[in-house]
Amino acid sequence: MRTPLVAGNWKMNKTVAEARELIMVLGGDLKSITEVEKVVCPPSMSLVAVANLLGGTGIGLGAQNMHWEEKGAFTGEISPGMVREFCQYVILGHSERRQYFGETDQSVNKKVLAAQAAGLVPIVCVGETLAQYEAGETAAVVHRQVLAGLQGVDAAFAPKLVVAYEPVWAIGTGKASSGENAESVHRDVIRPALAELFGAQTAEAIRILYGGSVTGVNAAEFFAQPNVDGALVGGASLKPEFIEIARAAAR
Ligand code: PGA
């Protein structure tokens, strides 16, 4: 059985003071939802402050990105060891990183291997663009992203991996995919790709999240699907609505 995981990707939102306030709003209710793993991913600037508020809440903490090198002359970057000091998770390969910051399957793979080495759970994002979707390339694109992004991961570490399927056309657009469409990509593309890499049994243990305009209203439709093991939530993770989404995952 895969424990549902609901992760909030705050993106570039909330100052440190605002981040503290949001945790005050979300923390108590999230703590009471026990059958679900809950994770918040604030901007790196707020990780220390948020970490100090999460003790005893059962809420995990994740970074939104990191470099693969442990230290050195990489202006503006944070390292796996720096993240690991405060976090248990790290989002890698988000489509906004790929689109605006030049990330590729190869750089994502380096970061995944660095997360493994640091003992961080990577939440590895994959998903097709609107043009790829319209051209019928979803399966090919997602299959390639999974194989390339996760190559070289140890079989022993693989069950800890989290993959997030986020069709780019559904992110921040209010146009979520359907439960049925997400299920078909998770079941027919991502899990078989994981099986190619790690074997069928390990593939069954890996959680596959859906992301892209998940709300308190549509979350239940996604979580009703057997291969949707949770959600990566953007906009709705900045509001009390995130509690509703976590509750829906518990049902
Ligand atoms: P959204 O973002 O929920 O605002 O669509 C999801 C994501 O980018 O992870």
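For (1) β-branched (Val, Ile, Thr); (2) under 26 Å from Ala205 (Cβ atoms); (3) touching a helix residue (DSSP H, G or I) at 6+ places or on another chain (Cβ under 7 Å), each residue gets a yes or a no:
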| position | (1), (2), (3) |
| --- | --- |
| Ala17 | no, no, no |
| Asp29 | no, no, yes |
| Val48 | yes, no, no |
| Asn52 | no, no, no |
| Ile59 | yes, yes, yes |
| Gly81 | no, no, yes |
| His94 | no, yes, no |
| Lys110 | no, yes, no |
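Please verify whether region 137-156 includes one or more residues that are closer than 30 Å to Ile23 by Cα and under 16 Å from the mean Cα position of the chain (by Cα).
no
Here's the yes/no breakdown for (1) among the acidic types (Asp, Glu); (2) surrounded by fewer than 17 Cβ atoms within 10 Å (Cβ to Cβ); (3) farther than 21 Å from Asn9 by Cα:
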residue	(1), (2), (3)
Asn52	no, yes, no
Gly60	no, no, no
His67	no, no, no
Glu70	yes, yes, yes
Gly76	no, yes, no
Ile123	no, no, no
Thr138	no, no, yes
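Could you count how many residues in region 1-24 are away from the ligand (no atom under 16 Å from the Cβ) and out of contact with any Pro (no Cβ under 6 Å at 6 or more places or on another chain)?
The total comes to 12.
Scanning region 34-54 for residues that are within 19 Å of Ile123 (Cβ to Cβ) and among the hydrophobic types (A, V, I, L, M, F, W, C), which turns out nearest to the ligand (Cβ to nearest atom)?
The selected residue is Cys41.
Given (1) surrounded by 24 or more Cβ atoms within 10 Å (Cβ to Cβ); (2) within 22 Å of Gly60 (Cβ to Cβ); (3) more than 10 Å from the ligand (Cβ to nearest atom), identify the lone condition not met by Glu166.
It fails just one condition, (3).
Looking at region 150-162, can you tell me whether even one residue there is within 16 Å of the ligand (Cβ to nearest atom) and touching a residue at least 40 places away in the same chain (Cβ under 8 Å)?
Looking for residues that are within 16 Å of the ligand (Cβ to nearest atom) and touching a residue at least 40 places away in the same chain (Cβ under 8 Å), one finds at least one in region 150-162, hence yes.
Only one of these conditions is not met by Arg84: (1) surrounded by 15 or more Cβ atoms within 10 Å (Cβ to Cβ); (2) within 16 Å of the ligand (Cβ to nearest atom). Which number is it?
Among (1) surrounded by 15 or more Cβ atoms within 10 Å (Cβ to Cβ); (2) within 16 Å of the ligand (Cβ to nearest atom), Arg84 violates only (2).
What is the number of the single condition among (1) assigned to a helix (DSSP H, G or I); (2) touching a helix residue (DSSP H, G or I) at 6+ places or on another chain (Cβ under 7 Å); (3) more than 12 Å from the ligand (Cβ to nearest atom) that Ile208 does not meet?
Among (1) assigned to a helix (DSSP H, G or I); (2) touching a helix residue (DSSP H, G or I) at 6+ places or on another chain (Cβ under 7 Å); (3) more than 12 Å from the ligand (Cβ to nearest atom), Ile208 violates only (1).
With (1) in contact with a Phe, Trp or Tyr (Cβ under 6 Å, 6 or more places away or on another chain); (2) assigned to a loop (DSSP other than H, G, I, E, B); (3) under 18 Å from Gly93 (Cα atoms) as the list, and Ala155 as the residue in question, which single condition is left unmet?
The number of the failed condition is (3).
Looking only at residues in region 214-233 that are crowded, with 21+ Cβ neighbours inside 10 Å and without any contact (Cβ under 8 Å) to a residue 60 or more places away in the chain, which one is farthest from the ligand (Cβ to nearest atom)?
Out of the qualifying residues, it is Val228.
Please state which of the following conditions Ala236 fails to meet, knowing it meets all the rest: (1) assigned to a helix (DSSP H, G or I); (2) more than 11 Å from the ligand (Cβ to nearest atom); (3) not β-branched (Val, Ile, Thr).
Every listed condition holds for Ala236 apart from (2).
Given Gly62, Gly76, Gly56, Gly81, which one is part of a loop (DSSP other than H, G, I, E, B) and modelled with pLDDT of 95 or more?
Being part of a loop (DSSP other than H, G, I, E, B) and modelled with pLDDT of 95 or more holds for just one of Gly62, Gly76, Gly56, Gly81, which is Gly76.
Hey, Asp188 hits all of (1) surrounded by fewer than 17 Cβ atoms within 10 Å (Cβ to Cβ); (2) within 22 Å of Gly152 (Cβ to Cβ) but one; which does it fall short on?
Among (1) surrounded by fewer than 17 Cβ atoms within 10 Å (Cβ to Cβ); (2) within 22 Å of Gly152 (Cβ to Cβ), the lone unmet condition for Asp188 is (2).
What pairs can you find where one residue is in region 129-143 and farther than 19 Å from His94 by Cβ, the other is in a loop (DSSP other than H, G, I, E, B), and their Cβ atoms are less than 7 Å apart, with a gap of 6+ or different chains?
Going by the 7 Å Cβ cut-off, the qualifying pairs are Glu137/Glu128.
State all residues of region 47-83 that are of a type in the set (S, T, N, Q) and out of contact with any strand residue (DSSP E or B) (no Cβ under 6 Å at 6 or more places or on another chain); if no residue qualifies, say none.
Of everything in region 47-83, those that are of a type in the set (S, T, N, Q) and out of contact with any strand residue (DSSP E or B) (no Cβ under 6 Å at 6 or more places or on another chain) turn out to be Asn52, Thr57, Asn65, Thr75, Ser79.
The values are calculated or read from the model by the stated rules, or taken from the named source; none is laboratory data. The structure displayed is predicted, hence computed values, not measured ones. With ideal geometry, Cβ positions are generated from the backbone for all residues, glycine too; neighbour counts draw on all protein chains shown.
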